[in-house]
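Student: Dropping the structure in here first, questions after.
The values are calculated or read from the model by the stated rules, or taken from the named source; none is laboratory data. Everything numeric in this text was worked out from a predicted model, so none of it was measured. FYI the Cβ positions are ideal-geometry reconstructions off the backbone, even for glycines, and counts take in every protein chain you see.
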Amino acid sequence: MSSWSLLLAATGWHYDALTKTLRIAPRVTPERIRAFFCGPEGWGTLSQTRTADGQTNELFVAHGSLAIATLTVESSANLSRVRVTVGGKALQVTVSRKGANITLNFGGLVTLRAGERLRVVLA
């Protein structure tokens with residue numbers, strides 16, 4: 001069980017199933033990380049890539065589902081552009097920033113099903 005804590009700490013994964021809020025703040029190689037995640041109803045991979053031009057975060061659900069109303073990521077990107085897609089289709093989001101925390105509010109529940117990918121591009 002203690003090894004599970006290491007994965008959560010390394011990825012900064014914190015999911016609140018009651019409020020459907022997700023926070024991702026990798027502590028190990030935040031410039032480029034890809035790791036396993038497990039939620040209450042599904043599992044898959046999360047990834048984050050940082051470049052001089054911005055940051056990309058992705059969630060891929062391999063099995064089950066993952067419901068999200070709000071997603072928070074850490075970034076130092078200037079945020080002239082935020083693009084959020086699920087399965088290549090653009091989503092409208094409300095973006096707020098507090099320090100390095102960037103919060104994306106989906107204005108409702110977004111449920112990712114097996115085989116679907118949520119992609120966030122911050123530039």
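Student: For the stretch 13-32, give me the residue count where each residue is in a strand (DSSP E or B), out of contact with any Lys or Arg (no Cβ under 6 Å at 6 or more places or on another chain) and under 23 Å from Ser65 (Cβ atoms).
Tutor: The total comes to 6.
Okay, residues lined up against (1) at pLDDT below 95; (2) within 19 Å of Val93 (Cα to Cα):
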{"residue": "Pro26", "(1), (2)": "yes, no"}
{"residue": "Gln55", "(1), (2)": "no, yes"}
{"residue": "Ala62", "(1), (2)": "no, no"}
{"residue": "Leu66", "(1), (2)": "no, yes"}
{"residue": "Thr72", "(1), (2)": "no, yes"}
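Student: List the number of the failed condition for Ser75; all other conditions in (1) surrounded by fewer than 18 Cβ atoms within 10 Å (Cβ to Cβ); (2) among the small types (Gly, Ala, Ser); (3) over 18 Å from Tyr15 (Cα atoms) hold.
Tutor: It fails just one condition, (1).
Student: Please count how many residues of the stretch 45-54 are in contact with an Asp or Glu (Cβ under 9 Å, 6 or more places away or on another chain) and surrounded by 14 or more Cβ atoms within 10 Å (Cβ to Cβ). Let's see the steps before the verdict.
Tutor: Here is the first cut: in the stretch 45-54, the ones in contact with an Asp or Glu (Cβ under 9 Å, 6 or more places away or on another chain) are 45-51.
Restricting the remaining residues to those that are surrounded by 14 or more Cβ atoms within 10 Å (Cβ to Cβ) gives 45-50.
The qualifying residues number 6.
Student: If you take the residues in the stretch 1-24 that are surrounded by 14 or more Cβ atoms within 10 Å (Cβ to Cβ) and not aliphatic (A, V, I, L, M), which one is modelled with the lowest pLDDT?
Tutor: Filtering first and then ranking leaves Thr11.
Student: Looking at the stretch 52-67, is at least one residue free of Cβ contacts under 8 Å to residues at least 24 places away in the same chain and of a type outside the set (Lys, Arg)?
Tutor: yes
Student: Which one of these is touching a Leu at 6+ places or on another chain (Cβ under 7 Å) and of a type in the set (A, V, I, L, M): Leu22, Leu7?
Tutor: Testing whether each residue is touching a Leu at 6+ places or on another chain (Cβ under 7 Å) and of a type in the set (A, V, I, L, M) leaves just Leu22.
Student: Mind telling me which of the residues Leu46, Leu109, Leu79, Leu104 ends up being in a loop (DSSP other than H, G, I, E, B) and either at pLDDT 95 or above or over 18 Å from Pro26 (Cβ atoms) (or both)?
Tutor: Leu79
Student: Still on this structure, please answer the following. Cβ-Cβ below 8 Å, separation at least six or inter-chain, first residue in the stretch 106-123 and loosely packed, with under 15 Cβ neighbours inside 10 Å, second modelled with pLDDT of 95 or more and acidic (Asp, Glu): which pairs?
Tutor: If the second residue must be modelled with pLDDT of 95 or more and acidic (Asp, Glu), no pairs are left.
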